[in-house]
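S.K.: If you scroll down you'll find the structure; I have some questions about it.
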Amino acid sequence: MTAKTTLVKHVTVFSVYLVLIWAFYRFLFDLPDQVEELVVKPLLWLVPIFWLNVKEGFPLSSLGITFKNLFPSIYLSLGLGAIFVLEAVLTNFFKYGHLNFAANIGNLPILSSLGISFATAFSEETAFRGYIFGRLWFALKDEWAANVASSLVWTVVHIPIAFFIWKLNLASGILYLILTAIFGIGSAFVFGRTKNVFGSVLLHVLWEWPIILFR
């Protein structure tokens, strides 16, 4: 088995594991956000990735955990993030017929919620852009094939939260998943330009908060 075939196998197994384990988690448990995002998700998402990274013999920077290209990645994320904010506002307008600015951030203070958002973004972006997209791109030598494949898995893993947690109806759920897929493609594009996961993390927060505030 060649090294590239091994990488594709690892990505496939990890993707299936993530989809199944997260679907079961969403179906069986409803823990507080602080526990879920600061404890459960790092254990279930990041620990296997770091183990695979060591097993495959790649440096930590291969996951985008590096200071290289940090500022270009931030600038690119801010530019693309503005588009996602506009997208969220327009979606809100067409959904309600007017702009609904009622925040939906739960009982946590806004700074705590924002901190949890960054923790969530780090786990998810390291998994999907740093590992799944990065390894597929390395193995396939085709950025857009890797982008589409990783974004598809990214969208599938969000099905449980759309229907088990938020209990969206079919139309709203499909709309959310379409926006999720668009974000996945955009985030992989940013990562592809900079190889720095922190730009994708910032973009993730800029994408997530308009959805929180306007859904």
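The values are calculated or read from the model by the stated rules, or taken from the named source; none is laboratory data. Computed from a predicted model, the values in this text were never measured in an experiment. Positions of Cβ are generated from backbone atoms using ideal geometry, with glycine treated the same way; all protein chains shown enter the neighbour counts.
S.K.: If I filter the stretch 167-196 down to residues being touching a residue at least 24 places away in the same chain (Cβ under 8 Å) and in a loop (DSSP other than H, G, I, E, B), which single residue comes out as nearest to Gly134 (Cα to Cα)?
M.R.: Lys195
S.K.: Tell me which of these Val47 doesn't satisfy, since it passes every other one: (1) part of a helix (DSSP H, G or I); (2) modelled with pLDDT of 95 or more; (3) aliphatic (A, V, I, L, M); (4) surrounded by 13 or more Cβ atoms within 10 Å (Cβ to Cβ).
M.R.: Failing condition for Val47: (4).
S.K.: Step by step: first the residues of the stretch 36-57, then only those that are over 18 Å from the mean Cα position of the chain (by Cα) and among the aliphatic types (A, V, I, L, M), then the one that is farthest from Ala127 (Cα to Cα). Which residue is that?
M.R.: Checking each candidate, the answer is Val54.
Quick grid of which residues meet (1) among the hydroxyl-bearing types (Ser, Thr, Tyr); (2) at pLDDT 90 or above; (3) surrounded by fewer than 23 Cβ atoms within 10 Å (Cβ to Cβ); (4) part of a helix (DSSP H, G or I):
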residue	(1), (2), (3), (4)
Glu125	no, yes, no, yes
Gly134	no, yes, no, yes
Asn147	no, yes, yes, yes
Ser151	yes, yes, no, yes
Ala162	no, no, yes, yes
Ser200	yes, yes, no, yes
Pro210	no, no, yes, yes
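S.K.: Can you spot a residue in the stretch 143-158 that is within 19 Å of the chain's Cα centre (by Cα), touching a residue at least 24 places away in the same chain (Cβ under 8 Å) and under 18 Å from Ser77 (Cα atoms)?
M.R.: Scanning the stretch 143-158, I find at least one residue that is within 19 Å of the chain's Cα centre (by Cα), touching a residue at least 24 places away in the same chain (Cβ under 8 Å) and under 18 Å from Ser77 (Cα atoms), so the answer is yes.
S.K.: I need a count of the residues in the stretch 1-20 that are surrounded by 13 or more Cβ atoms within 10 Å (Cβ to Cβ) and β-branched (Val, Ile, Thr).
M.R.: 5
S.K.: Let me ask something additional. For the stretch 107-123, give me each residue that is polar (S, T, N, Q) and assigned to a helix (DSSP H, G or I).
M.R.: Ser112, Ser113, Ser117, Thr120, Ser123
S.K.: State whether the residues of the stretch 76-92 include one that is modelled with pLDDT of 85 or more, within 30 Å of Val8 (Cα to Cα), surrounded by fewer than 20 Cβ atoms within 10 Å (Cβ to Cβ) and not aromatic (Phe, Trp, Tyr).
M.R.: Looking for residues that are modelled with pLDDT of 85 or more, within 30 Å of Val8 (Cα to Cα), surrounded by fewer than 20 Cβ atoms within 10 Å (Cβ to Cβ) and not aromatic (Phe, Trp, Tyr), one finds none in the stretch 76-92, hence no.
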